[in-house]
1. Tell me, which residue of the range 314-364 that is surrounded by fewer than 18 Cβ atoms within 10 Å (Cβ to Cβ) and acidic (D, E) is farthest from Q244 (Cα to Cα)?
2. Between a residue in the range 139-160 that is among the basic types (K, R) and any residue that is part of a strand (DSSP E or B), which pairs come within a Cβ distance under 9 Å, given they are 6 or more apart or on different chains?
3. Which residue is surrounded by the fewest Cβ atoms within 10 Å (Cβ to Cβ), if the candidates are limited to the range 377-393 and must be within 19 Å of P357 (Cβ to Cβ) and within 21 Å of the chain's Cα centre (by Cα)?
4. Taking into account only those residues within the range 167-210 that are in contact (Cβ under 8 Å) with a residue 12 or more places away in the chain and among the hydroxyl-bearing types (S, T, Y), which is surrounded by the most Cβ atoms within 10 Å (Cβ to Cβ)?
5. For the range 261-364, please list each of the helices (runs of 4 or more DSSP H) lying entirely inside it that holds at least 2 residues being in contact with a Pro (Cβ under 9 Å, 6 or more places away or on another chain) and over 30 Å from L193 (Cβ atoms).
6. Cβ contacts < 8 Å: first residue more than 17 Å from T147 (Cβ to Cβ), restricted to the range 358-378; second residue at pLDDT below 70 and crowded, with 18+ Cβ neighbours inside 10 Å, any location; separation 6+ or different chain. Result?
7. Please name all residue pairs, on different chains or six or more residues apart, with Cβ atoms under 8 Å, provided the first residue is in the range 22-34 and is farther than 19 Å from T5 by Cα and the second residue is among the aromatic types (F, W, Y) and not in a loop (DSSP other than H, G, I, E, B).
8. Identify the residue in the range 5-24 that is more than 15 Å from V92 (Cα to Cα) and outside any strand (DSSP E or B) and, among all such residues, is farthest from the chain's Cα centre (by Cα).
Amino acid sequence: MAIVTQVHLKNFRNIPELNWDCSPHCNLILGQNAQGKTNLLEALYFLSNTKSNRSSQDFELVTAGELPCTTPAGSETTRNPKTEGCLIQANVQRLGVHTVSTQLEAKILPATQGKSGWRTQFRLNQNPVKNRSQLLGQFPTVSFYSTDLLLLRGGLPQHRRHWLDAATAQLSPLHITHLANFQKVLQHKNHLLRHLHSPHLSADQQAVLEVLNTQLATSMGLVIAGRLRYLEALVPHFEASYAQLCAEVETSPSIHYKVAGFSKVFTTKTTASLAHLASLTPQAWEGLYHDRLAQTLGLECQRQQCQTGPHRDDISVELGTGLLANRFASQGQQRSLVLALKLAELALLEGHLQETPVLLLDDVMAELDPIRQQQLLHHLPKQAQVFITTTHWEGDATALLQTLLRDNSPLTVWEVRQGQLTLKT
C-alpha cells in the first residue's frame, strides 16, 4: 500500500508555496474553479509519472511571473518565479512486510548560464536521477481527470495513446524507455525525410534510411507488444469494473486496438483479435514492421513523413451492442466507461505490485447520477489513500463516502483558495 505523507510545493502553477501533511485515508479537496484543486493532484501525478497529464512541456508548470528586467544597482527586485523555477517534493511510504519511506523530488529550473530553455532535475531520496524511468514504480498512482474523458468524448488518437503508454509504464517501467528510443529514431527519420531535395534517394540516403528502418522496426515491435500485453491483461478487469458501476448493463463493452498500416493483415474487430495481436512477440512485430517500412519507403519520401508505426495507432471502445462508445454512448455512460478503465488500471496494478496505488480523482462525481455515484464509491478499495477534488459536496454524499470507504475512519476535508490550502474539518 502506497501512502503520501507530506507534500512540499514552491512556485507550482498558482501555488506560491505549500507544506501539506496529507491524511493516509481519504482527502477531500473543496474549492471553486481556478483555485488550485487540480494543480495539487497534478503535482502528485507528475512525481508518479515524471511528466504532467496537462502540459507537454515541464516549464509550463512553473508559476507565471514577470519577465526578467534590469534595475538600477542597489534597488530591490520583485521575486520572479520564472527565474527561480519550481519545486515538487513528496514523501511516500510503501506499507508491506516492512515500511519503506521514499522522498521524490523534481526541480524545474532555467537553463544554466549562457543557455536558453529549461531543465528538469529529479532526485530519489536526495540522490540525483539521470533517467526519468528510474522513478517509475516508486510512487504508483491511478488517476481520473476531466481530460481523461477525451479517451472517448471527441478526443484525438494521441490522447488515447498517451493514456495507454502512461498506464503501461506504471505496470512495466521499461516501456517508457522503449517508447523514448522509438520516438528518438522516428524524429531522426522524419527530419531526414523533410530535408530531402528530391523524391529520388541517393545511395547514401538509401543506406541511412535502411539503417533507421531497421532500428525503428525493433523499437516499434517492443512498443506495440508492451501496449497489447497491457490491454489484454486489462480487459477482464475493465468488464468487471463496468458491470459493478452499471448494474443494469446486460452485455460488456469491449476494447479494440487499431494497428495503423496493416488493414490487409488485421481486418477483424473482435475481442479475439486483441488476444491474437497480444500473442505476437516483439520479434514477430519487428518482422512485420520491417517489411511494411520497406514497402512504404517511396510514399514516405513523397509525403516526407513516416507512415507506419505505433505513433499512428488508435484504441476504441464499443458498447455491448457493437456501437462505438464515443459516438453513441450518453455522457453518463462515457464517464462510467472511463471510470471503469481507471478502476481496471487500479485492479491490474494492485495485483501486479501486491499493494494498492494512490487514487487521484479530479471532479469525479460530475455527470454521474446518484446510483452511479454510489456504485463508484462502493467499489473504491477501502485500504487505498484517495485524493478527491470537487467544487461542492453534499452532506449526504459525505456521510455515504465515510461509511463506504473508510469504515468510520475520519474523512479529512481541505479547502483551496487562490493556491492556499487549509484544513476544513
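The values are calculated or read from the model by the stated rules, or taken from the named source; none is laboratory data. Predicted model only: the values in this text are computed from it and were never measured. Glycine also receives a Cβ, built like all others from the backbone with ideal geometry; neighbour counts cover every protein chain displayed.
1. For the range 314-364, the residue satisfying everything is D314.
2. Close Cβ pairs (under 9 Å, with a partner that is part of a strand (DSSP E or B)) amount to R160/D314; R160/I315; R160/S316.
3. Of everything passing the filter in the range 377-393, P381 is surrounded by the fewest Cβ atoms within 10 Å (Cβ to Cβ).
4. T168
5. Values: elements: 271-279, 282-295, 297-303, 325-328, 331-353.
Helices (runs of 4 or more DSSP H) meeting the threshold: 331-353.
6. Hits for this filter: L376/L368; L377/L401; L377/L405.
7. L30/W414
8. Only one residue fits best here, namely N14.
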